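Working notes for the structure below.
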Amino acid sequence: MSALLPALPFAPAQCTGRTQRPWANPNSPFFGLDKLVLLMYYLCTYVYICKRKRRAMSELFQTRLVEPASDIRAEPAYSALCSIAMLHKAASQGSIARWAREAASALNPSQLALNQLIFTALGPALLFPGAWASFPDYLDALATQHPSELRERVLAQRSAAELAAPEVAALLADPFQLHDLIVAHLRGVWDGSLAAEWAAAQRKIDAQVRLLRLSAPGSGVSPERIRQNLLQFIAGPLGVGAGIRELVFVPSPHVGGLTTQLTVGAVQYVFFDAELHYHVLLRDTPVRDMELIGRLSALTEPARLRVLALLAQHGELTMQDLIEHMQTSQPNVSRYLKSLAGYVAEQRGRDGRKRYRLVPSQIDVTFDALRTAIAAPAAPAPQQEETMETTDLARYLNAHGQVLAWPKAGAARSALLRYLADTFTPGEEYAEKAANAQIAQYVPAHLRDHVTVRRDLIDDGFLQRSADGARYWRTAEQAGVAPRQLSDEEAYRQYWGQDPEGTSAS
């Protein structure tokens, strides 16, 4: 310590004459001041050294922080484990996929209780490093492990309170029974229903992994951007555990609206429904003000919020289910679903009926954009009146040229109608359905009804139609704005059900 101290403001060895130094004279008001100054000096020096040490330690730890790497893989063994883990949650989690609910209903209460015991208290016994091409390969590797290895993994990762449960303690006391019970249960579920289900889903999962790694054809979204969206909107709500060095995103056919995770060593696996979230994963631009207003406006009616709550509770519902729950008419429910088009995914089931599901990541996108908008500096008020020439059409369009918000009147409305008219090929006639489909590519139904947009185009002179209303075509050439290039989302949708080579997934 003395080597770190500079010269003292006085020499203690010279402070012996009480009559020569005022702080040494008992009758002086400065008596004892030398000891006080010395104490304060050492105290300040100690604080200074501590701060230096803390700063050095902080800098040391900062240099060692490592961002976890990320990857997208199928991981058939762990993905199948995740599917089996959904079985005992089917009764309480309505958003789980249909297979998990149907498979759970085929199990008796004791089998469901055993499934819950294996994946909660005994879960660490299932996890050990390795790479397996299929779930049967994983089961074979688990079966060849010595029972004591399974027991030691449970003892190392579970608390004393969890180990004290009677059924857990009994199994840990007999590792061979523990081993045989786990292997037999997993093999029974696989052979009973999961093997056939996996054969139907595996090729689709492999295609999803390839597409997310390489990006969708024609979408213009880079794989790096897709990974950023995965980190922000899929892994973000879950959080990344301490000591994790790699995040592996695994498309799962059975988690439904849930997003779940599994940690094996320094690797964290995140299981999610890729098809449900693909609009969010393909997003390559931030939510701008006009789009944010449209997203928030969709949530301003209590009936729409109830639709979202019902979908969150039940997972997926048909139109008839929603009508019964809402106690209202079919046109009203259709209107609610159109308004919530960004938050609700539509999918046709095996029976041909449409089913609707909540997209949780879209809600995260909305409120993440709201937080960003609130934190951003306020933009200055416009200084000039909007005209046809000064209208910034980009405010109303996303990166793919689709309409984000519909202006009520004025130059902005005229500019937007002209933009939509320019998407029609001059000289080509469109049937009524074809004209509606052309408009639907650019105008979401929850913003404005396609029939109304078509009527606006005709009333404002941008389109013409035949007397019987069966044919529509573009009017004479007008000065307009060339429409932006749309992404090939239709092709991307097709790929979700096909291999990249075009072979239909069974």
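One table, with the values for the structure above:
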{"item": "Strands (runs of 3 or more DSSP E) within the range 312-358 that include 3 or more residues in contact (Cβ under 8 Å) with a residue 12 or more places away in the chain and buried (at least 18 other Cβ atoms within 10 Å of the Cβ)", "result": "354-358"}
{"item": "Test: residue in the range 249-256 that is touching a strand residue (DSSP E or B) at 6+ places or on another chain (Cβ under 6 Å), polar (S, T, N, Q) and in the same structural domain as TRP198 (by TED's automatic domain parsing)", "result": "yes"}
{"item": "Any hit, the range 104-116, residues being in contact with a Leu (Cβ under 9 Å, 6 or more places away or on another chain), surrounded by 14 or more Cβ atoms within 10 Å (Cβ to Cβ) and either under 15 Å from LEU262 (Cβ atoms) or among the acidic types (Asp, Glu) (or both)", "result": "no"}
{"item": "Top-ranked residue of the range 362-384 - restricted to ones that are aliphatic (A, V, I, L, M) and outside any helix (DSSP H, G or I), ranked as modelled with the highest pLDDT", "result": "ALA376"}
{"item": "Residue among LEU231, LEU238, LEU211 that is within 28 Å of PRO286 (Cβ to Cβ) and at pLDDT 85 or above", "result": "LEU231"}
{"item": "Residue in the range 218-225 that is loosely packed, with under 14 Cβ neighbours inside 10 Å and touching a residue at least 12 places away in the same chain (Cβ under 8 Å) present", "result": "yes"}
{"item": "Complete set of residues in the range 131-146 that are touching a residue at least 40 places away in the same chain (Cβ under 8 Å) and not in a helix (DSSP H, G or I)", "result": "TRP132, ALA133, SER134"}
{"item": "Cross-chain or 6+ apart pairs with Cβ under 6 Å, the range 422-435 first and part of a helix (DSSP H, G or I), then among the aromatic types (Phe, Trp, Tyr)", "result": "ALA435/TYR472"}
{"item": "Count of residues meeting criterion [in a helix (DSSP H, G or I) and not β-branched (Val, Ile, Thr)] in the range 72-120", "result": "30"}
{"item": "Residue list for the range 165-176, restricted to those being under 21 Å from LEU139 (Cα atoms), surrounded by fewer than 18 Cβ atoms within 10 Å (Cβ to Cβ) and either touching a residue at least 12 places away in the same chain (Cβ under 8 Å) or not assigned by TED's automatic domain parsing to the domain that holds ASP273 (or both)", "result": "PHE176"}
{"item": "Subset of the range 122-139 (residues that are among the aliphatic types (A, V, I, L, M) and either surrounded by fewer than 14 Cβ atoms within 10 Å (Cβ to Cβ) or over 16 Å from LEU262 (Cβ atoms) (or both))", "result": "ALA131, ALA133, LEU139"}
{"item": "Conditions (1) crowded, with 18+ Cβ neighbours inside 10 Å; (2) over 17 Å from SER83 (Cβ atoms); (3) among the basic types (Lys, Arg): number failed by ARG213", "result": "(1)"}
{"item": "Qualifying residue in the range 293-308 (condition: among the basic types (Lys, Arg) and modelled with pLDDT of 90 or more)", "result": "yes"}
{"item": "Qualifying residue in the range 255-264 (condition: closer than 24 Å to TYR343 by Cβ and in contact with a Leu (Cβ under 6 Å, 6 or more places away or on another chain))", "result": "yes"}
{"item": "Unmet criterion (only one of (1) hydrophobic (A, V, I, L, M, F, W, C); (2) more than 18 Å from ALA77 (Cβ to Cβ); (3) surrounded by 18 or more Cβ atoms within 10 Å (Cβ to Cβ)) for LEU150", "result": "(2)"}
{"item": "Residue check, ILE439 farther than 29 Å from TYR343 by Cα and part of a helix (DSSP H, G or I)", "result": "no"}
{"item": "Flag for ALA394 being among the aliphatic types (A, V, I, L, M), at pLDDT 75 or above and not assigned by TED's automatic domain parsing to the domain that holds VAL453", "result": "no"}
{"item": "Whichever residue in the range 240-261 is hydroxyl-bearing (Ser, Thr, Tyr) and surrounded by 19 or more Cβ atoms within 10 Å (Cβ to Cβ) and, among such residues, is farthest from the chain's Cα centre (by Cα)", "result": "SER252"}
{"item": "Filtered residues of the range 147-181 (kept if closer than 20 Å to LEU81 by Cα and outside any helix (DSSP H, G or I))", "result": "ARG158"}
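The values are calculated or read from the model by the stated rules, or taken from the named source; none is laboratory data. Here the structure is a predicted model, which is why all the values come from computation and not from measurement. Neighbour counts are summed over all protein chains in view; Cβ atoms, including those assigned to glycine, are modelled from backbone coordinates with ideal geometry.
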